[in-house]
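Written below as structure tokens is the structure these notes are about.
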Amino acid sequence: MPSLGRLHLITDTRPGRDPLAVLRAALPVARAELVVQVRVTDDATDREAYDLARRAVALCAPYGATCLVNDRLHVALAVGAAGGHVGADDLPVPAARRILGPTAVLGATARSPGPAAEAVAGGASYLGVGPCHATDTKAGLPDPIGPAGVRAVAGAVAVPVIAIGGVTAAGVPALRAAGAYGVAVVGALSAADPARATAELLGALTC
């Protein structure tokens, strides 16, 4: 498995957003510290997911950035992504691991120590833990767990914990102090100046 970057960018494909423009701005700043998680809306076709993921993989390659595909593991394989990420309602982690193979990066979503440990035992390379704070980028999320929830999960597993949900540069130090290896963001980089936002998040992660 390649070394894992600390800043995870989840593509924002909601109407009016341009995920590839954000990616082009973030990559020269973050380079190999960036992990791109290609996520599309549930109503997007596989062809739409494939087209976005294929372009994201191509953009990441010159910078040594890792590109993953969320949920749609067949798309990850089709575009030659480094791996994928599965949520709580997606394929079980052991099944996802069998599909992707033993060397791929496989992320899994968890919000408490028990499921987190099960995901790691099933083959997860890292865990996305949250939501840490309130966020409106995805509907139907459970209540925020805060830094205390991140600390509980980080203390139960030996793989990197990536905090997600309402993450801002100002909030990164508390998450890092709680044991988060890195953070995943959607809205924080879909800003007027994604390059500057990337630099601020990286600065907070490396303090």
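The values are calculated or read from the model by the stated rules, or taken from the named source; none is laboratory data. Source: prediction; values computed, not measured. All Cβ positions, glycine included, derive from the backbone under ideal geometry; neighbour counts span all protein chains shown. These area figures cover heavy atoms from the full protein model, side chains too; ligands, DNA and RNA do not enter into them. Shrake-Rupley method; radii C 1.70, N 1.55, O 1.52, S 1.80 Å.
Some notes on this structure:
- Exposure rank, largest accessible area first [ARG72, ARG176; 1.4 Å]: ARG176, ARG72
- Note on the stretch 38-89: the C-alpha convex hull projects to 3.3 nm² when averaged across all orientations.
- For the chain, the dipole from Cβ point charges (+1 on Lys and Arg, -1 on Asp and Glu) about the Cα centre works out to 460 debye, to the nearest 20.
- q = 0.11, 0.14, 0.23 Å⁻¹: log10 I(q)/I(0) that the Debye formula gives for the stretch 13-100, counting C-alpha atoms only: -0.29, -0.47, -1.15
- Normalised by residue count, the chain yields a Cα convex hull volume of 106 Å³ per residue.
- Normalised by the number of residues in the stretch 138-207, the mean separation of alpha-carbon contacts (under 8 Å, six or more apart) gives a relative contact order of 31 percent.
- Relative protection proxy for 47-55, 102-110, 5-13, from highest mean packing down: 5-13, 102-110, 47-55 (other beta-carbon atoms within 10 angstrom).
- Among the cysteines of the chain, those whose beta-carbon sits 4.7 Å or more from every other cysteine beta-carbon are CYS132, CYS207.
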